[in-house]
Amino acid sequence: MDSGNYGKYDFIVVSNRLPVDRVAEDDGEGWRRSPGGLVTALAPVMSSSEGAWVGWHGAPDETVEPFEHDDTHLVPVPLSEEEVEFYYEGFSNATLWPLYHDVIAPPEFHRNWWDAYKAVNRRFAEATAAIAAEGATVWVQDYQLQLVPRLLRHLRPDLRIGFFNHIPFPPVEIFAQLPWRRQVLEGLLGADLVGFQRASDTSNFLRAVRRYTGSLIKQHFVELHDEAGRRECRADTFPISIDVARINELARRPDVVERSRQIREEVGDRTILLGVDRLDYTKGIGHRIKAYGELLEDGKLQVEDTVLIQVASPSRERVESYRLLRDDIEASVGRINGTFDTLGKTAIRYLHHSYPTEEMVALYLAADVMLVTALRDGMNLVAKEYVAARTGVDGALVLSEFTGASDHLRQAILVNPHDIDGLKERILQALNLPKGEATRRMRAMRRQILQNDVEHWSQTFLHALAAGRG
Ligand code: F6P
């Protein structure tokens, strides 16, 4: 590419979704914040840099011109209805997602899905190549775009390319199932730096690279030979976090504090257990509800003085396993409420909605115990948000040991969610935590996340990317 053809952006984030989604509204089309932890983490990074963000705008068969949003230049990448089905719902969320999450649901392997994945990854790489300034830094995000680093390097060898995987990277014995495992690894190795949430993800990736590409690996560096000659790709661990200051600030805002008081009043001033998740089978929502239902049945908890609020935000609703999960969860909630509700009090307040951050923080403030019982989770930002919101240095966090967050929040009440009896014990332990112990645990967790917020995550990654090996 000659210099006249370079774009003007020095820093570009590329992710499957843009930070906002196109939605139909009564009075015309509008935009809404996209779901999930990725956007939660990257939005503050972008608002502090004048960069561009390349991603899908969430609606099929629609071409949207680039536009400005919160001081960021957004470049929408169009997807056809069939690509949404094959690339997004299919390969990304019915092949890679279950494969990378310990095959909790069986992954499906279809060649036409793989073809769509390749085509869409190419489109993302081309859209990025067209707007990047000479020598720009490009940061590609997550499992939907694993082929982009290599495609982009081919188009624009001048770029500094980083990739961050927000979800787990599976053990090689599971990754081995993927018919296109070598191509995926080669796609990722197109980056100068590949980042993972946990040390175990990094070592799983390096083992897979050793086994399926035959590349030489020295500690965290993979030696490669391509068009540009010899180069290295570094793989390392960069645990993601949240915008701690923003959550802290919201948790102190009088209207949010007042809203949390209202929430408590609305549920009849009972002890509140809280779950907040995308409605996803990786989150262990069913295990949590089962444990809670059994505690009611055993008479260890009473509906008169305890309530479980479960926020389950709608997610990937056209994917079969998500539809089945929803039926399952709603049947369990119905059964438990049918058995234990009184006319005035309900056992589980189940909310199939997404809420703005203000409402979430009010819920965190209102909750005596936060339940994070994921069966597998790259990080889990909800756990970190709960801790950040507890400005009173109280409350209790029950946290699955299968989350990345459990590496850092060691003073949480850690649990194996598959062990329902253990989970019941941990819930009771959290409900009966002596005040002094609750404060000690929460203080230590707050210290941890205050020192490691999302700014620290992005700066550490971007410094490593800029530095290369030296
Ligand atoms: O963090 C994992 C992730 O899959 C993100 O890549 C994604 O944006 C988010 O969860 C929500 O999922 P989806 O974009 O499929 O609604």
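The values are calculated or read from the model by the stated rules, or taken from the named source; none is laboratory data. As the structure is a computational prediction, the values presented were derived from the model and not from experiment. Cβ coordinates were reconstructed from backbone atoms using ideal geometry, including for glycine residues, and neighbour counts include every protein chain displayed. These accessible areas exclude ligands, DNA and RNA; they are computed on the full protein's heavy atoms, side chains included. Shrake-Rupley method; radii C 1.70, N 1.55, O 1.52, S 1.80 Å.
Looking at the range 330-444, the accessible area is 38 square angstrom per residue; that uses a 1.4 Å probe and ignores ligands, DNA and RNA. Among 130-143, 297-310, 56-69, sorting by the average number of other beta carbon atoms lying within 10 angstrom of each residue, highest first, gives 130-143, 297-310, 56-69.
When the alpha carbon gyration tensor of the range 160-238 is reduced to an equivalent ellipsoid, the three semi-axes, largest first, read 18, 15, 11 Å.
Axis angle, to the nearest 10 degrees, between helix 199-213 and the longest C-alpha principal axis of the chain: 40 degrees. Label the range 82-156 by shape, choosing from rounded, prolate and oblate, from the square roots a ≥ b ≥ c of the eigenvalues of the Cα gyration tensor; if a/c is under 1.5 it is rounded, and otherwise prolate applies when a/b is larger than b/c, oblate when it is not. Prolate shape, in that a/c is at least 1.5 and a/b is the bigger ratio.
Here, the range 37-169 has an Rg and a Dmax of 15.0, 43 Å when only alpha carbons are counted. With only the Cα atoms considered, the range 369-470 has a convex hull volume of 95 Å³ per residue.
How much FRET efficiency would the formula 1/(1 + (r/R0)^6) give for K218 and Q177, where r is the Cβ-Cβ distance and R0 is 30 Å, rounded to 0.05? Display every interim value, and only then the final one.
Values: r = 28 Å, r/R0 = 0.94.
In this case the efficiency is close to 0.60.
State which entries of K283/K435; K283/K384; K300/K345; K384/K435; K300/K435; K345/K424 exceed 27 angstrom in Cα-Cα distance in the structure shown. Display every interim value, and only then the final one.
On the way: K283/K435 29 Å; K283/K384 15 Å; K300/K345 17 Å; K384/K435 21 Å; K300/K435 20 Å; K345/K424 22 Å.
From the list (K283/K435; K283/K384; K300/K345; K384/K435; K300/K435; K345/K424), the Cα-Cα distance tops 27 Å for K283/K435.
Between 0 and 90 degrees, rounded to the nearest ten: what's the tilt of helix 37-47 against the longest Cα principal axis of the chain? Orientation of helix 37-47: about 60 degrees from the principal axis.
With semi-axes defined as the square roots of five times the eigenvalues of the C-alpha gyration tensor, the equivalent ellipsoid of the chain measures 39, 23, 22 Å, largest first. Database remark: amide H of Y350 closer than 5 angstrom to the amide H of Q310 (H placed geometrically; neighbours at sequence offset of 5 or more, or on other chains; Pro and chain starts carry no H). Packing here is the average count of other Cβ atoms within 10 Å per residue, and on that basis the peptides 275-284, 208-217, 180-189, highest first, run 275-284, 180-189, 208-217. Karplus-based coupling profile of the range 132-147, in residue order and whole Hz: 7, 5, 4, x, 4, 9, 10, 10, 8, 10, 6, 5, 5, 10, 5, 8, with θ = phi - 60° in 6.51 cos²θ - 1.76 cosθ + 1.60 and x standing for Gly or Pro.
The alpha carbon convex hull volume per residue for the range 53-120 rounds to 96 Å³.
You can think of it this way: the chain between R211 and A245 has 8.0 nm of extra reach, that is 0.36 nm per residue less the Cα-Cα gap. Sequentially through the range 168-177, phi angles give Karplus couplings (6.51, -1.76, 1.60; θ = phi - 60°) of x, 10, x, x, 4, 4, 8, 4, 3, 5 Hz, Gly and Pro residues having no value and appearing as x. Annotation: amide H of L414 within the under-5 Å range of L399, sequence separation 5 or more or interchain, hydrogens built in the peptide plane.
Just the number, please: carbon plus sulfur as a percent of the accessible area of the range 303-453, 1.4 Å probe, no ligands or DNA/RNA counted. Display every interim value, and only then the final one.
Details: 2870 of 6170 Å².
With neighbouring chains kept in place, the figure for the range 303-453 is 47 percent.
Under the shape rule built on the C-alpha gyration tensor, where the axes satisfy a ≥ b ≥ c, the range 299-358 is oblate, since a/c reaches at least 1.5 while a/b does not exceed b/c. If you sort the three axes of the alpha carbon gyration tensor as a ≥ b ≥ c, you get a/c of 1.5 or more for the range 260-368 and a/b no higher than b/c, which makes it oblate. Give the angle, between 0 and 90 degrees and rounded to the nearest 10, that separates the Cα long axis of helix 111-131 from the longest principal axis of the Cα atoms of the chain. Helix 111-131 sits roughly 70 degrees off the main axis of the chain. Look at where the Cα atoms of the range 259-289 and of the range 359-428 average out, and the two centres are 12 Å apart. Whole-Hz Karplus values for the range 229-234 come out as x, 7, 8, 10, 10, 9 Hz, taken residue by residue from phi with 6.51 cos²θ - 1.76 cosθ + 1.60 and θ = phi - 60°; glycine and proline positions read x. Backbone amide hydrogens, once placed in the peptide plane, bring D226 within less than 5 Å of R231, excluding anything fewer than 5 places away on its chain.
Our summary gives the chain a relative contact order of 13 percent, counting only alpha carbon pairs under 8 angstrom and 6 or more residues apart.
Could you state the per residue volume, in Å³, of the convex hull enclosing the Cα atoms of the range 412-468?
Values: hull volume 5.7 nm³, N = 57.
Normalising the Cα hull of the range 412-468 by residue number yields 100 Å³.
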